[in-house]
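Visitor: Can you keep this structure in mind? I'll have questions shortly.
The values are calculated or read from the model by the stated rules, or taken from the named source; none is laboratory data. All values derive from a computational prediction rather than experimental measurement. Methodologically, a virtual Cβ is constructed for each residue, glycine included, from the backbone with ideal geometry; neighbour enumeration extends over all protein chains shown. The area values use the complete protein model at the heavy-atom level, side chains included, leaving out ligands, DNA and RNA. Shrake-Rupley method; radii C 1.70, N 1.55, O 1.52, S 1.80 Å.
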Amino acid sequence: MIEPQTHFVRRAIIMAAGIGQRMRPVTLTTPKPLVPVNGVRMIDTVIRALRENGITEIYVVVGYRKEQFQPLEVEYAGLKLIENPYYDTCNNISSLYVAREHLGDSIILDGDQIIYNPAILAPEFALSGYNAVWTDRETGEWLMQVEDGVVRSCSRTGGAHGWQLYSISRWTAEDGARLRRHLEIEFEEKGNRQIYWDDVAMFCYPQEYRLGIREMQRTDIIEIDDLAELAGIDPSYSVYQEGQKG
């Protein structure tokens, strides 16, 4: 039996260009990844976890209120900003498109999540693919079915008894080059600009990728989707909910 080859993440791409409409009014003045939660900005938990794993070549894709991200280049050596000029007219395929030259031996993740366990960003991996949490209960999130360590299918509408996909993924050099080519085809040639970038490998060209998963626990990370979830984690934001009710 041939042992799978071990690959290593050498760089990170953090998606941080979005407007964060579901967290308004907090995000009217502050980009969602820069919102402090219990005193720490969400994106800081991501960057620090990457650095704890020796990943210091970091690209942050910015758009909405991009000037507020500029101090990060001073605070973290090796971090560079990439501007996404399409952020307000296209879905997040545009953010990976503008960072496509950095794909390969890479980890891609969102800046608007809180990393509690840095080990989930470990650089070693065998197959390209996503961090995932097993769920028996119903979820509306993307849900993958896995056999022998390989993703066989994925449901956009969720379900139960499967692996819930989280927005942390690793890509080998070969798959990164493949993903770059497919991004260019979809974004440039087909003008397919209102999809998630994850659609490209998972649904547009699934036959060209052999994806795996990296198992983690639900308590390792929190993805904050809206104001109610933010207030549930940091009660100081409850005042905004009260204002909306009023």
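Visitor: What is the one condition in (1) in a helix (DSSP H, G or I); (2) over 24 Å from residue 18 (Cα atoms) that residue 230 does not satisfy?
Guide: Of the numbered conditions (1) in a helix (DSSP H, G or I); (2) over 24 Å from residue 18 (Cα atoms), the odd one out for residue 230 is (2).
Visitor: Moving on. Go through the range 216-238 and give me each residue that's more than 24 Å from residue 28 (Cα to Cα) and within 16 Å of the chain's Cα centre (by Cα).
Guide: The initial filter retains those residues of the range 216-238 that are more than 24 Å from residue 28 (Cα to Cα), namely 216-221.
Listed by number, the residues that qualify are 216, 218, 220, 221.
Visitor: If you scan the range 145-192, which residues turn out to be buried (at least 20 other Cβ atoms within 10 Å of the Cβ), hydrophobic (A, V, I, L, M, F, W, C) and touching a Gly at 6+ places or on another chain (Cβ under 7 Å)?
Guide: Within the range 145-192, 151, 171 qualify.
Visitor: Continuing with the same structure: Collect the residues in the range 138-174 that are out of contact with any strand residue (DSSP E or B) (no Cβ under 9 Å at 6 or more places or on another chain) and modelled with pLDDT of 95 or more, keeping them in residue-number order.
Guide: 147, 174
Visitor: On to the next question. Taking the stated definitions as given, is residue 18 open to solvent by 30 Å² or more (accessible area, probe 1.4 Å), under 24 Å from residue 195 (Cβ atoms) and under 16 Å from the mean Cα position of the chain (by Cα)?
Guide: Yes; evaluated as a whole, the condition is true for this residue.
Visitor: Check whether at least one residue in the range 112-134 is in a helix (DSSP H, G or I) and open to solvent by 20 Å² or more (accessible area, probe 1.4 Å), and report yes or no.
Guide: yes
Visitor: I would also like to ask the following. Go through the range 193-226 and give me each residue that's closer than 24 Å to residue 43 by Cα, out of contact with any helix residue (DSSP H, G or I) (no Cβ under 8 Å at 6 or more places or on another chain) and either in a loop (DSSP other than H, G, I, E, B) or open to solvent by 60 Å² or more (accessible area, probe 1.4 Å) (or both).
Guide: 215, 217, 218, 219
Visitor: Can residue 46 be described as assigned to a helix (DSSP H, G or I), surrounded by fewer than 19 Cβ atoms within 10 Å (Cβ to Cβ) and either hydrophobic (A, V, I, L, M, F, W, C) or at positive phi (or both)?
Guide: Taking the combined requirement at face value, the residue does not satisfy it.
Visitor: Do you know which residues across the range 21-41 are assigned to a strand (DSSP E or B) and open to solvent by less than 30 Å² (accessible area, probe 1.4 Å)?
Guide: Scanning the range 21-41 gives a single hit, 37.
Visitor: Restrict the check to the range 63-75 and report whether at least one residue is among the β-branched types (Val, Ile, Thr) and under 17 Å from the mean Cα position of the chain (by Cα).
Guide: Keep residues of the range 63-75 that are among the β-branched types (Val, Ile, Thr), which gives 74.
Subsequent filtering for residues that are under 17 Å from the mean Cα position of the chain (by Cα) retains none.
No, because not a single residue in the range 63-75 is among the β-branched types (Val, Ile, Thr) and under 17 Å from the mean Cα position of the chain (by Cα).
Visitor: Something else now. Of the conditions (1) open to solvent by 20 Å² or more (accessible area, probe 1.4 Å); (2) hydrophobic (A, V, I, L, M, F, W, C); (3) at pLDDT 95 or above, residue 233 clears all except one; give me its number.
Guide: For residue 233, the exception is condition (3).
Visitor: With respect to residue 104, is the statement that it is in a loop (DSSP other than H, G, I, E, B), within 19 Å of residue 10 (Cβ to Cβ) and modelled with pLDDT under 95 true?
Guide: yes
Visitor: Still on this structure: For the range 57-69, indicate whether the set of residues that are open to solvent by less than 30 Å² (accessible area, probe 1.4 Å), part of a loop (DSSP other than H, G, I, E, B), touching a residue at least 24 places away in the same chain (Cβ under 8 Å) and closer than 22 Å to residue 122 by Cα is non-empty.
Guide: No, the range 57-69 contains no residue that is open to solvent by less than 30 Å² (accessible area, probe 1.4 Å), part of a loop (DSSP other than H, G, I, E, B), touching a residue at least 24 places away in the same chain (Cβ under 8 Å) and closer than 22 Å to residue 122 by Cα.
Visitor: Any residue in the range 76-99 that is at pLDDT 95 or above, in contact with a helix residue (DSSP H, G or I) (Cβ under 8 Å, 6 or more places away or on another chain), of a type in the set (Asp, Glu) and open to solvent by 10 Å² or more (accessible area, probe 1.4 Å)?
Guide: yes
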